[in-house]
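Just so it is clear, none of the values below were taken in a lab; they were calculated from the coordinates. Treat the numbers as computed from the prediction; the structure is a model and nothing was measured. Here Cβ is always computed from backbone atoms with ideal geometry, including for glycine, and neighbour counts include all displayed protein chains.
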Amino acid sequence: MEALIGLLVGAPLLGAAVLLCGGRRLDRTGHWLGTALAAASFVIGLILFIDMLGREAEQRAMHQHLFSWIPVADFRADVAFQLDQLSMTFVLLITGVGTLIHLYSVGYMEHDERRRRFFGYLNLFLAAMLLLVLADNYLLLYFGWEGVGLASYLLIGFWQHKTSAATASKKAFLVNRVGDIGLAIAVMLMFTTFGTFTFGPVLESTGAAGEGKLTAIGLMLLLAACGKSAQVPLQSWLGDAMEGPTPVSALIHAATMVTAGIYLVVRSGAIFNASPDAQLVVVTVGAVTLLYGAIVGCAKDDIKKALAGSTMSQIGYMMLAAGLGPIGYAFAIMHLVTHGFFKAGLFLGAGSVMHGMNDDVDMRKYGGLRKYMPVTFVTFGLGYLAIIGFPGLSGFFSKDMIIEAAFAKGGAQGWILGSCALLGAAITAYYMTRVMILTFFGPERWSKEGPDARHPHESPKSMTIPMIVLAVGSVGAGFVFDLNESFVHWLEPVTALEHGHPPMSAMTITAGTVVALLIGVGTAWAQYGRRPVPVQAPRGSLLTRAARRDLLQDDFNHVVLVKPGEYLTRGLVYLDHKVVDGFVNGTAASFGGLSGRMRRVQNGFVRSYAVSMFGGAVLLLAATLLMRAV
Amino acid sequence: MSTNSLHSLWTTAAEEPGAIPTPHIEYAELSPTLIVIGAALIGIVIEAFVPRKHRYTAQLLVAVTALASAFAAVVGLAVSGRGSGESKIAAMGAIAVDGPALFLQGTILLVGLISALIFAERRLDPVAHGKQVDSFAAQAAAAPGGEAEREAVRAGYTTTEVYPLVLFAIGGMLVFPAANDLLTLFIALEVFSFPLYVMCALARRNRLMSQEAAVKYFLLGAFSSAFMLFGVALLYGYSGAIDYAGIARVISGTEPTTNATLAQTTGNDALLLIGAAMVLLGMLFKVGAVPFHMWTPDVYQGAPTPVTGFMAAATKVAAFGALLRLLYVVLPGLRWDWEPVMWGVAILTMLGGAVLALTQTDIKRLLAYSSVAHAGFILAGVIATSEDGVSSVLFYLAAYSFVTLGAFAVVTLVRDAGGEATHLSKWAGLGRRSPLVAAVFAVFLLAFAGIPLTSGFTGKFAVFKAAAESGAGALVVVGVVSSAIAAFFYIRVIVLMFFQEPKADGPSVAVPSLLTTAAIGVGVAVTVVLGVAPQYFLDLAGQAGVFVR
């Protein structure tokens, strides 16, 4: 069985290699090859899952050692995999959603002449992401981490002829580098502290390290997680990343890659458990981001950017849960999985709408689409109900658990975090209702004639089938997971489990969540359902205007980072030109001059050469004798 | 030493003929040298008896076969353990058969083999009167520009004597690093020097320059030989012995007198110091160390380029081999005297070579000065006086000789109407016109500069490491600084080839036959393999690091 683990990564890697190196002859069939290999990986994942279920909970983790990667004296890095319940969850999510999105892309990218390359990149992403979650040590994880970063960069900028896409990919790459440096430093700190970076030894020996060291490692890991998962303060790239093709937004920037940060924090739980300070920072980041993303989501008219804000906010929930420690880890992952279903579904729905609307993303120019795209409407609607936490759907269970756990943190902290989470739930309901109303209800605001005429239509089967499957997941996953707390117990061997004790009964909190939901939905309906929606966005309040500009994140970065950076660069360039170059060129010139003078000795007369040899001989003898005399 | 005692020395030897034992020759151990010398003699016979039109084929066949079988013999000796555990001294104490000797002989033979291929190239020069010709003069004895020369050219003659000459040179070079007494050393030096002088004069084009180079080389070589021979005499006067072990014993004091008739001079340190310095001088001349380097640029430039490549590679290997043996076997007891002096020579050589190369405008002169700088780097490894030092030098020599051969082989390809276009300005934009040739040359230049993933880096790293470990940190610093200076002019050529517009009347790259292609291919392969996966060869050199005493 262990041998299959490598194949999980191997199948999409093979796909990437074949598709990217295969050349044009694969243009006709390449996408099916890519999809088939993604599906193969999913099937392997299922086999391993069934095999894992057949064993005792404590004996479910499997290891596979492939080869020694970097053996240098005491430094040992292996390419080895660890498949435990946490990794298994991710494997199924990545390959399952991944396969669906491959299938969807077959239709979505039909008219793109670079479709083969697109599937190559998608397969590359799958391979890197699987490597990330299957690695049994932090260095290999880092490798996968960079791999998904690369795939993300390539896919955001896939339509590189658009300047906006090229810029967005560069931005995503640069912001991610900041986070990646955090991971690099964390790995180095681990090596100096524990002498290894294999999960087992590191996480078991946290007791032996000082709390300061652990806090440092924890904060660096968090920095990495912030970059990859678009958490404040490294959130600015996610909105722009929507320039990529919609399947990419669904797979990478909603369902899987952006959750890598959560994986990292949960996987390193032992480190955070031992450092309350680091945990406090994690929950703060989570709480801030969940509100930040939600507010941004309220103001966006671009359907994908609204969803991106929502992604940020939902990952904020997960981060919050992960920061709560053993009372939250399992719920973080549970929300991650349900979010994977409904957010991927929502993005695919958005893609389907765009597909029918000539790639227009402005929701103010939508309206009344439910008649034209019934399947999209129903699946999107189910995803909508799931994300706002409509009772009985998946989002309800997972989000409710997180809010409960936040209150259970206890003390003032618990109250603050709980309130934030509750407030977030209300805002989520508001902005998602807004998206829903603007897109599918109300009058049809798109032009029906002229050059901008729109002819909305339902998407082909290859696109709707994945949407239907994901909608089913969005509806049912939460219920299945919640049945006898099956999901929590499944993860228990990895994440440990403590039951929190919230200051009020669970029923009260659930009721509060439902009330928050109703307030959000009601407000949105009052604002957009009852009144006509202007096609041109109104000026809006100060907050609205700020939120449209992503709460001034780019302005902030520009003033605080870019400008001083520019000045620093200019200064360094000046220094380089005047001082360094001056020194270097001066040295070069002086050697050149020396060379020119020395050359004159080489005059071509053999007599001079003989004299110089004689002089050399005299010197040599004199020096030898002198050495003895001294 | 009085006349009396000298007289008695001769008469003693004459009176007792029985005292000279019948020499005992280990033919198997000496077979590499014997094969090569034998083939050279066959080559002379070929010149005398084989019709002119068959000579080229016959000579090439004999040379290649001889060199290949001599190399096989070296490998056989090494496999039978002569290189490590069972090294011995053969031919009545004249020749050492040990690790360093076999390693260097193997290197020299491979270099010789590849050089023979480059010598035999006949596609580059334009066809003269219906005959394909090589880089060598139609008739070396004909005066340049004279009627005899014109006739010889018209007849399509070529100097096939170059093959026996190169075989004689290789024969001498095989003995030089293995010589275990001072007389053998001197004779080997002369045996390989004379053919080199002659070969330098054989260029087909620019014959006057070629002959001038040969005369200069001969005069200066004779001058240095005189020093060396005098040094040999002084060392004999000091110790009463000519074999290495005997001299070493006297120096270390374990055996104060070996010869009663020389009792007056034995142990006189002035004789020892002056003698040792003079013998060293002879070798420093051959490796081209500053201030005995002045012949290099002129000779490298004037000699036919295939000969330059051979000379630059093989002479250096042989001379450094002999230098190592001299310092490690004969003069270890004198280490505190020669070490500071050699430090000075090494520093001067590294810096001098690198600085002088900066302003060169001719590619062959540039490579000549580069070879001077490299001699300095190798000297740094020689000074290390450790087993690592020996093996690092062995590795460096092997790596360097293939890069050099390859680089000079590429020089033979870039030609214009006047033959090889060696002026650097003509190389501008070569990368645009002939990307492959320029890329290959760039690989060699990077190896010269010691850029990682080339053999140059591995070699330099090895010698500097050995030098640093033996406490010569300052030397390593100078070495690194010189490498930085040297990198400038190597990279400059690359910039010239790839980042400048080609000239309208620039040279063209001739398409060589399989011979030169193979030679360059081997050069590139060795350069890259020794850079990427050097471990096996480092181990090989490491095992060969012990001299027999």
19 Å Cα-Cα reach of A:K300 towards lysines, excluding residues that sit fewer than 8 places from it in its own chain:
A:K343, A:K365
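Net charge near B:S84: determine it from the other residues with C-beta under 14 Å of the C-beta of B:S84, scoring Lys and Arg +1 and Asp and Glu -1. Don't skip to the end; give the middle numbers.
Working: positive: B:R82, B:K88; negative: B:E86, B:D98, B:E387, B:D539.
Summing Lys/Arg as +1 and Asp/Glu as -1 gives -2.
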With contacts defined as alpha carbon pairs under 8 Å and 6 or more residues apart, what's the relative contact order of the range A:280-538 in percent?
27
Excluding same-chain residues fewer than 8 positions from A:K171, which lysines have a Cα within less than 18 Å of its Cα?
A:K162, A:K228, A:K304, A:K305, A:K563
Projected onto the charge dipole of the protein assembly as shown (+1 at Lys/Arg Cβ, -1 at Asp/Glu Cβ, origin at the Cα centre), which of A:M1, A:P532, B:V127 gives the Cα projection farthest towards the positive end?
A:P532
Return the average number of partner chain Cβ atoms within 10 angstrom of each residue Cβ along peptide B:274-284.
3
Centre separation in Å (Cα based) which lies between the range A:71-126 and the range A:584-630:
65
Which one, A:S447, A:V475, A:L422, projects farthest toward the positive side of the charge dipole computed for the range A:280-538 from Cβ point charges (K/R +1, D/E -1)?
A:S447
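Calculate the dipole size of chain B relative to its Cα centre from +1 charges on Lys and Arg beta carbons and -1 charges on Asp and Glu beta carbons; express the result in debye to the nearest 20. Could the numbers behind the result be given before it?
Numbers: 30 positive and 32 negative charges, 337 e Å.
For chain B, the charge dipole is close to 1620 debye.
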A:H253, B:H423 arranged by Cβ crowding within 10 Å, fewest neighbours leading:
B:H423, A:H253
Could you tell me the center-to-center distance, by alpha carbons, between the range A:396-426 and the range B:467-481 in angstrom?
66
What span do the alpha-carbon atoms of the range A:248-353 cover on each of the three principal axes, reported in whole Å from largest to smallest?
47, 23, 17
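How big is the charge dipole of the range A:280-538 about its Cα centre, in debye rounded to the nearest 20, if each Lys and Arg gets +1 on its Cβ and each Asp and Glu gets -1 on its Cβ?
On the way: 17 positive and 15 negative charges, 146 e Å.
Roughly 700 debye, rounded to the nearest 20.
Which order results if A:K563, B:K465 are arranged by neighbouring Cβ count within 10 Å, fewest first?
Working: A:K563 11, B:K465 16.
In order of increasing Cβ crowding within 10 Å: A:K563, B:K465.
May I ask you to derive the FRET efficiency for A:H63 and A:A36 from their Cβ-Cβ distance with R0 = 35 Å, giving the value to the nearest 0.05? Before the final figure, lay out the partial values.
Numbers: r = 28 Å, r/R0 = 0.81.
Approximately 0.80, to the nearest 0.05.
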Among A:413-422, B:31-40, what's the highest-first ranking by average C-beta atoms within 10 angstrom per residue?
B:31-40, A:413-422
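Give me the extension gain from A:K461 to A:R531: residue separation times 0.36 nm, minus the current Cα-Cα distance, reported in nm with one decimal.
Extra length from A:K461 to A:R531 when fully extended: 21.7 nm.
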A:T196, B:T57, A:T163 arranged by Cβ crowding within 10 Å, fewest neighbours leading
A:T163, B:T57, A:T196
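Just tell me how shielded B:224-236 is by partners: mean number of partner chain Cβ atoms within 10 Å of each residue's Cβ, no decimals. Mind showing how you got there, number by number?
Details: counts 3, 0, 0, 5, 0, 0, 0, 0, 0, 0, 0, 0, 0.
Across B:224-236, the average partner-chain Cβ count within 10 Å equals 1.
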By the scheme Lys and Arg +1, Asp and Glu -1, what is the net charge of all other residues having a beta-carbon under 12 Å from that of A:M613?
+2
Inter-centroid distance (Cα atoms) of the range A:468-529 relative to the range B:381-395, Å:
73
Can you pull the mean other chain C-beta count within 10 Å for peptide A:605-617?
6
With everything on Cα atoms, drop me the angle between helix A:411-440 and the longest principal axis of chain A, reported from 0 to 90° to the nearest 10.
70
Name the trypsin sites (Lys or Arg not before Pro) in the range A:517-584 that are in a loop by DSSP and that have at most 10 other C-beta atoms within 10 Å, would you?
A:R530, A:R539
Per-peptide average of other Cβ atoms within 10 Å, ordering A:132-140, B:72-80, A:554-562, A:326-334 highest first:
A:326-334, A:132-140, B:72-80, A:554-562
Report, to the nearest 10°, how far helix A:2-22 tilts away from the longest principal axis of the Cα atoms in chain A, using its own Cα long axis and a range of 0 to 90°.
80
How far is it, in nm, from the label point at B:E339 to the one at A:I70 when both lie 7 Å from their Cα along the line to the Cβ?
3.8
By the mean-Cβ-within-10 Å protection proxy, highest first, B:501-511, A:437-447 rank as A:437-447, B:501-511
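Taking Cα pairs under 8 Å and at least six residues apart, what relative contact order does the range A:332-440 come out at, in percent?
On the way: 97 pairs, mean separation 35.7, N = 109.
Here the relative contact order equals 33 percent.
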Placing +1 on each Lys and Arg Cβ and -1 on each Asp and Glu Cβ in the range B:99-236, then taking the dipole about the Cα centre, the residue among B:A138, B:Y217, B:N180 whose Cα reaches farthest towards the positive end is B:A138
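Rounding to the nearest 20 debye, state how big the charge dipole of the range B:158-261 is about its Cα centre with +1 on each Lys and Arg Cβ and -1 on each Asp and Glu Cβ.
Working: 5 positive and 6 negative charges, 94 e Å.
That gives a dipole near 460 debye.
Under 9 Å from the Cβ of A:A306, count the other residues' Cβ atoms, weight Lys and Arg +1, Asp and Glu -1, and hand me the total.
Values: positive: A:K300, A:K304, A:K305, A:R434; negative: A:D301, A:D302.
Charge balance in the 9 Å sphere: +2.
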